[in-house]
1. Do you know which of the residues in region 181-231 that are at pLDDT 95 or above and more than 16 Å from Ser320 (Cα to Cα) is surrounded by the most Cβ atoms within 10 Å (Cβ to Cβ)?
2. Does at least one position in region 235-243 carry a residue that is in contact with a strand residue (DSSP E or B) (Cβ under 8 Å, 6 or more places away or on another chain) and farther than 15 Å from Arg328 by Cα?
3. Can you tell me which residue is nearest to Val332 (Cα to Cα) among those in region 98-146 that are charged (D, E, K, R) and modelled with pLDDT of 90 or more?
4. Does Arg137 satisfy the condition of being surrounded by fewer than 17 Cβ atoms within 10 Å (Cβ to Cβ) and not β-branched (Val, Ile, Thr)?
5. Suppose we keep only residues that are among the aliphatic types (A, V, I, L, M) and touching a residue at least 60 places away in the same chain (Cβ under 8 Å) within region 118-143. Which one would you say is farthest from Ser108 (Cα to Cα)?
6. Given (1) assigned to a loop (DSSP other than H, G, I, E, B); (2) charged (D, E, K, R); (3) in contact with a Phe, Trp or Tyr (Cβ under 9 Å, 6 or more places away or on another chain), identify the lone condition not met by Arg137.
7. Restricting to region 155-180, give me the number of residues that are assigned to a loop (DSSP other than H, G, I, E, B) and surrounded by fewer than 13 Cβ atoms within 10 Å (Cβ to Cβ).
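The values are calculated or read from the model by the stated rules, or taken from the named source; none is laboratory data. Not measured: the values here are computed from a predicted model. Virtual Cβ from ideal backbone geometry, glycine too; neighbours counted across all protein chains shown.
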Amino acid sequence: MRALPFVLLTTACIEAGLRGPGKGEDDTDAAGVDLPDTDTDAATDTDGPGGGLIGRDTDTGTDTVAPDDSALTCTATVVITSTAAAPIDDYTVEVQVPPLPGAQSDLSNLQVTDAMGVWLLHWVQEASAGKGTIWVRLPQLVRGVQRLTLDVCDPGRDVGKRPGEIFPVWESFRDPTLPGWDMACTRIDQASESCTVEGVTVAGESVLRLASTSSCFGPPYSGAGALLSRMLTLPAGTWVTDWSVRHTGSHDDFCSGATATEVAVRLDAATASSVGCGLAACSSCDLGWQDITSPGVRLPGGPVLLSLEATSGDCASAESFVDDVWLRQVAVPEPTVVVTVP
């Protein structure tokens, strides 16, 4: 389960007709909204328009005015509490957006700002009925509390961003020529062994296909692999890889003994995550589509090789389809994420 910074979400009423405070003082809640008060004196209320009512109390009883039922709640406050030991630049945080009046069904009119009112980049991962999951890029994650504002007050606004603007690495393989990537076959030492690295379309989606077939007719019996890789430059820190993958494998040829197939994501020599099958007696496997988040991999900073490889053991064939590979830095120790809506 993914663990991310502590996030507390509270709803801010912005057009509520509330009773102003007595004795000339402003009673407000954490969102800056005036609260009803109890006047038991005969003094004059002198607070301004933000306080609700203006005038002189002629009784010594309790004044109560109910909130306006037509109040519009089109903003929410996000409170991020982090235990990060040191600041982390360009940190992405996941936020669950509650239903807010005025929100487009796909959250396309959502705006995110920091405590100073500066717009922050965000990506809507999924949304329906005006609620959903978003990722926000913070200029810097710091230890302690940070506050953001979610705003859907303008129904005609469209400020959604692409994930490539939020994460330092995002690849959806939309170009079948795979620009910027290197393709290679690994451990191919028999004429009957092969590999394929290509961009294809599956069910209307552009994805990466990695396929390899290994023989068992002669030494060195090292299997075969299909490899896609590229060099990146990443700052020092702990990085996780999110990816979507479907893996299939089959046991071929003599169908004796045991073999295996696998697809893996690696950062340099470290395997970030992998899925695979153990096979025997001409068996096969189909693991179906999975969304995977890897454990964190600590990097020293600088150049790093990101690679995806489908491998087949002796007498086996492997085929993998990969989509939406993205890297993000996480704080260590990782904070806990809790989202509540009053």
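1. Per the stated criteria, the residue is Trp181.
2. From region 235-243, those in contact with a strand residue (DSSP E or B) (Cβ under 8 Å, 6 or more places away or on another chain) are 235-243; that's our starting set.
Now restrict to residues that are farther than 15 Å from Arg328 by Cα: none.
No, that holds for no residue.
3. Of all residues in region 98-146, those charged (D, E, K, R) come to 106, 114, 126, 131, 137, 143.
Still in the list and also modelled with pLDDT of 90 or more: 106, 114, 126, 131, 137.
On the way: Asp106: 33, Asp114: 23, Glu126: 27, Lys131: 29, Arg137: 18 Å.
Among them, the one singled out is Arg137.
4. Details: surrounded by fewer than 17 Cβ atoms within 10 Å (Cβ to Cβ): no; not β-branched (Val, Ile, Thr): yes.
Criteria not met by Arg137.
5. As a first pass, look at region 118-143 and keep what is among the aliphatic types (A, V, I, L, M): 118, 120-121, 124, 127, 129, 134, 136, 138, 141-142.
Those left that are additionally touching a residue at least 60 places away in the same chain (Cβ under 8 Å): 141-142.
Details: Leu141: 25, Val142: 28 Å.
The residue in question is Val142.
6. Every listed condition holds for Arg137 apart from (1).
7. Quick first cut of region 155-180, residues assigned to a loop (DSSP other than H, G, I, E, B) only: 155-162, 166-168, 172-180.
Adding the requirement that they be surrounded by fewer than 13 Cβ atoms within 10 Å (Cβ to Cβ) leaves 155-156, 158, 162, 174-175, 177, 179-180.
Final tally of qualifying residues: 9.
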